[in-house]
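**Student:** The structure is given below, and queries will be raised subsequently.
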Amino acid sequence: MADLRVTLCSVPLQSPVIAASGTFGFGQEFSRIVDMRWLGAISGKGLTLEGKAGNEGERLYETPAGLINSIGLQNPGVQHLKDIELPWLAEIGATAMVNVSGHSFDEYVAVIEALEEAPVAAYEVNISCPNVDAGGMTMGCHVPSVEKVVSLCRAATKRPLIVKLTPNVTDITEIAKAAEAAGADGISLINTLLGMAVDARTRRPKLARVVGGYSGPAVKPVALRMVWQVAQAVSVPVLGMGGISTGEDAVEFMLAGATAVAVGTANFVNPTATVDVINGIIDYCESQGVKDV
């Protein structure tokens, strides 16, 4: 069998497949049917300093080729993660990445500082969430704010920083270069595209907050293009994601320049999607005579 091990930003992974943030919880529910030892890492829910209930009203709408979500960073907060989820992940031997989010520059730093003594392999710094009123989208769309938030996070930790980018920008390479220059050890992309759905009968938006993050198979060509562009523009590793549901999808991202990939929306359709993608990579390698991914 091909050697699936990769190293992402100095973090050794058993396979190049990571459970994407926001789609896998912190792994407990999936552990009943997914062998966590196969996964490269688990990137948990986007984390803020205090817990959040998320957005009110309708938050999900399925489209013919994807999903629009307006969850609003629902998460249990840092202390709950330290008390419950991280000890469990450590106990089963999983590699834990924490998706760091915030409504201000200071909150990003505070989340990282609160986790510095916890068993965390790397931080995935989410500067790209389109569903909150502050932070997220604003920070990830402008070079000065990208440089500021990444610089502040860099000063707060020596652990690997993988900066997650929004695709909702004019030039993704400009944002990626700014993150790298400010101290990012890796680039994660893409987060969701902005989408909208309208109910023709009620003549109202499907989602309570009108717009949301669009993900799933429909975004794959956009994600693949952006991963390819960024991989050529920066010297740090790229974690690729966006519409991956098969082993060949993952292989395409790696051929485009990704060191590792993350499986997201596919987990909602197929709870064993992460392991199925790994098996698909193995099948591809065997058929192509590849000994090492």
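**Student:** Which ones in the range 26-38 are within 19 Å of the chain's Cα centre (by Cα) and either free of Cβ contacts under 8 Å to residues at least 60 places away in the same chain or open to solvent by 80 Å² or more (accessible area, probe 1.4 Å) (or both)?
**Tutor:** E29, M36, W38
**Student:** In the range 174-233, what count of residues is obtained for those that are among the aromatic types (F, W, Y) and either touching an Asp or Glu at 6+ places or on another chain (Cβ under 9 Å) or closer than 19 Å to V251 by Cα (or both)?
**Tutor:** Looking only at that region, the number is 1.
**Student:** For residues that are of a type in the set (D, E, K, R) and part of a loop (DSSP other than H, G, I, E, B), scanning just the range 156-186, find the one that is nearest to the chain's Cα centre (by Cα).
**Tutor:** Among them, the one singled out is D185.
**Student:** Go through the range 156-200 residue by residue and tally those that are surrounded by 15 or more Cβ atoms within 10 Å (Cβ to Cβ), of a type in the set (G, A, S) and over 22 Å from G44 (Cα atoms).
**Tutor:** The total comes to 6.
**Student:** Need the failing condition index for G22 against (1) buried (at least 19 other Cβ atoms within 10 Å of the Cβ); (2) closer than 13 Å to T95 by Cα; (3) modelled with pLDDT under 95, just the number.
**Tutor:** Looking at each condition in turn, G22 falls short on (2).
**Student:** Please give the number of the condition L8 fails out of (1) more than 24 Å from K206 (Cα to Cα); (2) of a type outside the set (G, A, S); (3) in contact with a Phe, Trp or Tyr (Cβ under 8 Å, 6 or more places away or on another chain).
**Tutor:** So the condition that L8 fails would be (3).
**Student:** Quick one: how many residues across the range 187-198 are over 15 Å from A258 (Cβ atoms) and part of a strand (DSSP E or B)?
**Tutor:** Looking only at that region, the number is 5.
Residue-by-condition table, conditions (1) closer than 23 Å to A262 by Cα; (2) touching a residue at least 40 places away in the same chain (Cβ under 8 Å):
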residue: I71; (1), (2): yes, yes
residue: D83; (1), (2): no, no
residue: T95; (1), (2): yes, yes
residue: Y108; (1), (2): yes, yes
residue: V111; (1), (2): yes, yes
residue: E116; (1), (2): no, yes
residue: P119; (1), (2): yes, no
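**Student:** Output the residues belonging to the range 163-206 that are of a type in the set (G, A, S) and free of Cβ contacts under 8 Å to residues at least 60 places away in the same chain.
**Tutor:** Of everything in the range 163-206, those that are of a type in the set (G, A, S) and free of Cβ contacts under 8 Å to residues at least 60 places away in the same chain turn out to be A176, A178, A179, A181, A182, G183, A184, A200.
**Student:** Of all the strands (runs of 3 or more DSSP E) wholly in the range 39-155, which have at least 1 residues that are touching a strand residue (DSSP E or B) at 6+ places or on another chain (Cβ under 8 Å) and either among the hydroxyl-bearing types (S, T, Y) or open to solvent by less than 10 Å² (accessible area, probe 1.4 Å) (or both)?
**Tutor:** 41-43, 60-63, 66-69, 75-77, 96-100, 122-126
The values are calculated or read from the model by the stated rules, or taken from the named source; none is laboratory data. Here the structure is a predicted model, which is why all the values come from computation and not from measurement. No Cβ is skipped: glycine too gets one built from the backbone with ideal geometry, and neighbour counts run over all protein chains shown. All accessible areas refer to the heavy atoms of the entire protein, side chains included, with ligands and DNA or RNA removed. Shrake-Rupley method; radii C 1.70, N 1.55, O 1.52, S 1.80 Å.
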